[in-house]
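The values are calculated or read from the model by the stated rules, or taken from the named source; none is laboratory data. Because the structure is a prediction, the values reported are computed rather than measured. A quick note on method: Cβ atoms are made from the backbone with ideal geometry, for glycine too, and the neighbour counts reach across all protein chains shown.
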Amino acid sequence: MQRKSIDQILDNHGQYASLNYYPTCDKSNLGLTFGLRGHTDPTIITMLLPDEVPGLEILQDDDWVPVKPIPNTLIVHVGDVLQGLSNCRYKSLLHRVIVNSETERLSVASYCYPSNDTQMGPPKELIDEDHPLIYKDYTYEEFYTTMWKQRLPDAARLNAFKISAA
């Protein structure tokens, strides 16, 4: 993506942070307890600073794979917004948090998202014969409203804006 395209997307963008605390929990019928169910992030990017306690997992080839924490390292998640803006050249990753039965877990997350009136179509330079347009144009407000109104599963959030196959 050209810098001009990125500047337009990030013009008046929003950012917020959260401190995530997952207390210990040893009661579970399945042998694991969710601190946060499987989800993708409705953001451009999410930067996560975890502590050294395992718990983050990503979905890879239909299996949940633990992400080994590396001290003092940021984890960067591509959000749904960047997937749409990049015409699927970057993919939003399904992830979850499992509560540790012996040790509490902390993380700090920073979320970056566009302003409500940002047009969410990918820049023209990302559309070509090998990469046809996948999503129709929409605003972030339309995306966010659709996400909450229809209570779409995470994997289907962007599908609401997909161009139908001919």
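Of all the listed residues (S115, S101), the sole one being hydroxyl-bearing (S, T, Y), part of a loop (DSSP other than H, G, I, E, B) and either in contact with a strand residue (DSSP E or B) (Cβ under 6 Å, 6 or more places away or on another chain) or modelled with pLDDT under 85 (or both) is S101.
The sole residue among L36, L48 that is at pLDDT 90 or above, surrounded by 13 or more Cβ atoms within 10 Å (Cβ to Cβ), assigned to a strand (DSSP E or B) and not small (G, A, S) is L48. Among the residues of the stretch 79-97, the ones that are out of contact with any strand residue (DSSP E or B) (no Cβ under 6 Å at 6 or more places or on another chain) and in contact (Cβ under 8 Å) with a residue 60 or more places away in the chain come to 5 in all.
Selection of first residues in the stretch 11-26 that are part of a loop (DSSP other than H, G, I, E, B) and of second residues that are surrounded by fewer than 10 Cβ atoms within 10 Å (Cβ to Cβ) and at pLDDT below 85, restricted to Cβ pairs under 7 Å at least 6 apart or on distinct chains, gives the following pairs, ordered by first then second residue: T24/E102.
Hey, any hits in the stretch 123-138 for a residue that's over 14 Å from the mean Cα position of the chain (by Cα) and in a strand (DSSP E or B)? Within the stretch 123-138, one or more residues are over 14 Å from the mean Cα position of the chain (by Cα) and in a strand (DSSP E or B).
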